[in-house]
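FYI, it's all coordinate maths here, none of it is from the lab. Keep in mind that what you see is a predicted model, and the values were worked out from it rather than measured. Heads up, the Cβs are rebuilt from the backbone with ideal geometry, glycines too, and the neighbour counts pull from every protein chain shown.
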Amino acid sequence: MAKKFGSLFKRGNQPEESDYMELDLASIESTGEGGPASMYIKIATINEIRDTPRIKDEVYNGNIVIVDIGRLKMDKITYERVLKDLSDVAQDVNGDICGLGDQKYVILTPMSVKVSREKIGG
């Protein structure tokens, strides 16, 4: 085993196919057994202002929503209006809203869930 790790970190050595392991993600994913969860993380995309009510409903229902707002950046007025709506929802439920990376994504959380602004690692 030490030889494999050593070969991965030496300069100029190309890893061989035997150095990699296939991951079966289906075996890792939850099968849904054990009943419903009390909170879900939902993924959403907003293309226009009329897409916001469903996202707001999810937060009011106690779910965390990761929203792709990248397409809104072309229309500054709609972008600002959507972010205001989402910020109002976060404030209304005593949750949180936080942009990710280059502000292409926003995380919207329900009551008592806050997003740490502190990064883990480098």
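Brief remarks on what is shown
- Cα-centred dipole magnitude for the stretch 38-78, charges only on beta-carbon of K, R (+1) and D, E (-1), debye, nearest 20: 80
- For the stretch 39-114, the Cβ-based charge dipole about the Cα centre amounts to some 120 debye (Lys, Arg positive; Asp, Glu negative; other atoms uncharged).
- Cα gyration tensor category, rounded, prolate or oblate, for the stretch 20-109 with a/c compared to 1.5: oblate
- Vicinal HN-Hα couplings computed from phi for the stretch 43-53 (Karplus, 6.51 cos²θ - 1.76 cosθ + 1.60; Hz; Gly/Pro x): 10, 9, 10, 10, 9, 7, 4, 6, 7, 6, x
- Net +/- balance of residues flanking L108 in space, Cβ distance below 9 Å, scoring K and R +1, D and E -1: -1
- Here the 3J(HN,Hα) profile of the stretch 86-92, calculated from phi with Karplus coefficients 6.51, -1.76 and 1.60 at θ = phi - 60°, is 5, 5, 4, 5, 4, 5, 4 Hz, Gly and Pro shown as x.
- Exposure proxy ranking, count of Cβ atoms within 10 Å, fewest first, for M39, M74: M74, M39
- Residue exposure sequence - Y40, Y105 - by fewest surrounding Cβ within 10 Å: Y40, Y105
- 3J(HN,Hα) from dihedral phi, the stretch 66-79, Karplus parametrisation 6.51/-1.76/1.60, rounded to Hz, x for glycine, proline: 9, 10, 7, 10, x, 6, 6, 4, 6, 10, 4, 5, 5, 4
- Net charge over other residues, Cβ less than 14 angstrom from the Cβ of G62 (K, R count +1; D, E count -1): -2
- Under the criterion of Cα pairs below 8 Å and six or more residues apart, the relative contact order for the stretch 39-114 equals 32 percent.
- Label-point gap, in nm, between K42 and K119 - each point 7 angstrom along Cα→Cβ: 3.0
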